């Protein structure tokens, strides 16, 4: 993983970790349901950002290297797999 991508990913995951702890506390404290759902939605968005960073890193490093080393089939399979995973979210 590229150094900068790793740094950003770890930072975002720490933020998500804090958000998740806050969400658990909200549930334990029986906070207003809409507020809990709002926080849950924010966590999902943050995780989506983490996925984006990791995908960008993967495509710009591993997949490029596969293409350069003659492993085009493997690279295409991975790209399609990621695409299919992204379609499940919809």
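The values are calculated or read from the model by the stated rules, or taken from the named source; none is laboratory data. No experiment lies behind these values; they were computed from the predicted model shown. With ideal geometry, Cβ positions are generated from the backbone for all residues, glycine too; neighbour counts draw on all protein chains shown.
Structure notes:
- Scanning segment 63-88 for residues that are surrounded by fewer than 15 Cβ atoms within 10 Å (Cβ to Cβ) and under 15 Å from residue 1 (Cα atoms) yields 64, 65.
- Qualifying residue in segment 43-62 (condition: at pLDDT 95 or above and more than 25 Å from residue 81 (Cα to Cα)): no
- Qualifying residue in segment 26-35 (condition: surrounded by 12 or more Cβ atoms within 10 Å (Cβ to Cβ), within 19 Å of the chain's Cα centre (by Cα) and assigned to a helix (DSSP H, G or I)): no
- Members of segment 10-25 that are touching a residue at least 12 places away in the same chain (Cβ under 8 Å) and over 13 Å from the mean Cα position of the chain (by Cα): 19, 20, 22, 23
- Residue within segment 42-51 that is free of Cβ contacts under 8 Å to residues at least 60 places away in the same chain, at positive phi and either surrounded by 11 or more Cβ atoms within 10 Å (Cβ to Cβ) or not in a helix (DSSP H, G or I) (or both) present: no
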